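Enquirer: Take a look at this one; I'll ask things after.
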Amino acid sequence: MDINIESETIARIWEWWAKKGRSEAPRRYLGASVAGHECDRYLWLHFRGLFRERFEGRMYRLFERGRREEEQFIAELRGIGCEVWDRSADGQQFSVSALGGHFGGHLDAVVRGLPDAPKTPHVAEFKTHSDQSFRKLARAGVLDAKPMHFCQMQIYMGMMKLDRALYLAVNKDNDDLYAERVHFDRDYFKSAMLRVRRIIEQPCADRCAKRRDDWRCKGCAAHAVCWHETGAVFSRQFPWSDCRSCCHATADVEGEGARWTCRLGRTCVIGSACNCADHLALPALVDADVDTATERSVTYKIGGQTITNGLANGQFTSEELAHIGREPLEQGVIQKIKDVMEGARVVRQSTIRARMEAYAKDVPPLFEGSLKEMRQFMNMQCWQVTERELVDGIGYFAFDSGACMSVDEANDRAVVQSDVPF
Ligand code: SF4
Ligand code: SF4
């Protein structure tokens, strides 16, 4: 008999789950299920769609198992004579929504007729636990063992105007069950909703930790974007990075449909790349200290230099900042290039490579000057050449500063490009 836990079949099943799970569209609102997260910054980044959790296939299967357990709990509650409402008239889960649709959640069920309190309707929350987690829950209760679940129930009770919740949990190892009736706490609810509003409305939120290696940050899915570890000075790292990372966008909490408003009167793009030239990066997402700010630009101190996010000549668009690491900006290299060459802009390394390859075919370069101008410019720098190539009179030089230059002596033409990691 072949016993092989690493079989190709299992690997393919995990792949299938990973593909299926990762293709689900991300939520466009802040969910009640995460509202009790201890870190404001996590919730803020989450709400603005600035990171996305990607799980391995096994985890997506586990989530599905949690959903299946909900059906079993409902059948069991009905089996002992309770009334259970788990779907509205249109067959959908009951949902709650607030703050213009920017906050909401889906209830597992509302149940009445519990043997412990036959007349009182309860918000029902069903959860699965590992053995370790279940033991802690049984020992400490839901408030201490699972504060996020507690918060979720308080929010559902407050929004549904019910004052009891039933927390029903199963130990996945041995099918042990745990039930706890939770009373509504109005003050807790109010303070949770105020916090949610603050996170939705504000252009920034505090981290729960002062150091990136704090135990609370270990394993946090938002770690890279929170602590500016994406390799770029502005953490706009995803293809769907949209208006939610722009200073001009605000969540419309008085309307409906989770709408966003652009202060410049444009139509906000949510859920796919906005590609808007006027995008002004939220300072919380920029790995530098704010020096000054105007309506249309923000100037940062970075090392001994200053750089400005904006559209004017010599300034950096958000798109450019998303391609540049700290070092070249601290050295002032790219700013000097911009100051010397009007209209110079920074692009992705892959774009540069492609353009370098196409250079001999006369594709328009990013920016250019005569060899004399270029020598003057180069005299201002102290760059060391790290790589050079000469093919048919076209030279390519890479520098330790993160810039690269191509030189066409025959045509008295030189091009400098940034070559920084993205
Ligand atoms: S890395 Fe730490 S501070 Fe940042 S969002 Fe996560 S938990 Fe909060
Ligand atoms: S300026 Fe552009 S990126 Fe910013 S909110 Fe308006 S449309 Fe979106």
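Enquirer: Let me understand segment 218-271 better: what is its radius of gyration from the alpha carbons, and its Dmax, in angstrom?
Expert: Calculated on Cα positions, Rg and Dmax stand at 13.6, 40 Å.
Enquirer: Something else now. Give the calculated FRET efficiency between Lys301 and Met148 to the nearest 0.05, with a Förster radius of 30 Å applied to their Cβ-Cβ distance.
Expert: 0.20
Enquirer: Quote the Stokes-Einstein diffusion coefficient, in whole µm² s⁻¹, for segment 173-261, based on the Kirkwood radius over alpha carbon pairs, a temperature of 10 °C and a viscosity of 1.306 mPa s.
Expert: 93
Enquirer: Just how far, in whole angstrom, is segment 203-236 from segment 161-195 if you go by their alpha carbon centroids?
Expert: Segment 161-195 and segment 203-236 have Cα centres spaced 30 Å from each other.
Enquirer: Here's a follow-up. Provide the gained length on full extension for the span Lys161 to Arg52, in nm with one decimal, where the gain is 0.36 nm per separating residue minus the Cα-Cα distance.
Expert: Extra length available between Lys161 and Arg52 comes to 36.0 nm.
Enquirer: Dividing the alpha-carbon Rg of segment 114-178 by 2.2 N^0.38 Å yields what?
Expert: Here the Cα radius of gyration is 1.15 times the empirical estimate.
Enquirer: On to the next question. Near the amide H of Arg413, under 5 Å away, which other amide H atoms are found, from residues 5 or more places off or on another chain, if H is placed in the peptide plane?
Expert: Those lying under 5 Å, H to H, from Arg413 are Leu371, Asp408.
Enquirer: Mind ordering 138-151, 55-68, 32-45 by average Cβ neighbours within 10 Å, highest first?
Expert: Ranking, from highest mean packing down: 32-45, 138-151, 55-68.
Enquirer: Please give the Cα centre distance for segment 1-75 versus segment 81-122, rounded to the nearest Å.
Expert: 23
Enquirer: Taking segment 116-257 on its own, what percent of its Cα-Cα pair distances exceed 25 Å?
Expert: Roughly 50 percent, once rounded to a whole number.
Enquirer: Any chance you could get the radius of gyration and Dmax over the Cα atoms of segment 152-211, in Å?
Expert: Final numbers for Rg and Dmax: 16.1, 46 Å.
Enquirer: Then there's this: Could you give the length gained on full extension between Ala25 and Lys372, defined as 0.36 nm per residue of separation minus the Cα-Cα distance, in nm?
Expert: Full-extension gain reported as 119.6 nm.
Enquirer: For segment 1-89, what ratio Rg/Rh do Cα atoms give with a Kirkwood hydrodynamic radius?
Expert: 1.10
Enquirer: What is the ratio of the Cα radius of gyration of segment 219-325 to 2.2 N^0.38 Å, with N the residue count, to two decimals?
Expert: So segment 219-325 has a normalised radius of gyration of 1.08.
Enquirer: Please work out the FRET efficiency for the pair Thr294 and Thr267, using the Cβ-Cβ distance as r and a Förster radius of 25 Å; give the result to the nearest 0.05.
Expert: 0.60
Enquirer: Would you compute the Debye intensity of segment 240-299 from its alpha-carbon atoms alone, equal scatterers and no solvent, and pass along log10 I(q)/I(0) at q = 0.16 Å⁻¹ to two decimals?
Expert: -0.52
Enquirer: Would you calculate the convex hull of the Cα atoms in segment 27-201 and tell me its volume per residue in Å³?
Expert: 131
Enquirer: Okay, moving on. State the extension gain, in nm to one decimal, for the chain segment bounded by Ala179 and Arg67, taking 0.36 nm per residue of separation less the distance between their alpha-carbons.
Expert: Contour length minus Cα-Cα distance gives 38.5 nm.
Only the coordinates and a few stated rules stand behind these numbers; no lab work does. Worth saying up front: this structure is predicted, and the values here are computed from it rather than measured. Positions of Cβ are backbone-derived with ideal geometry, glycine not excepted, and every protein chain shown enters the neighbour counts.
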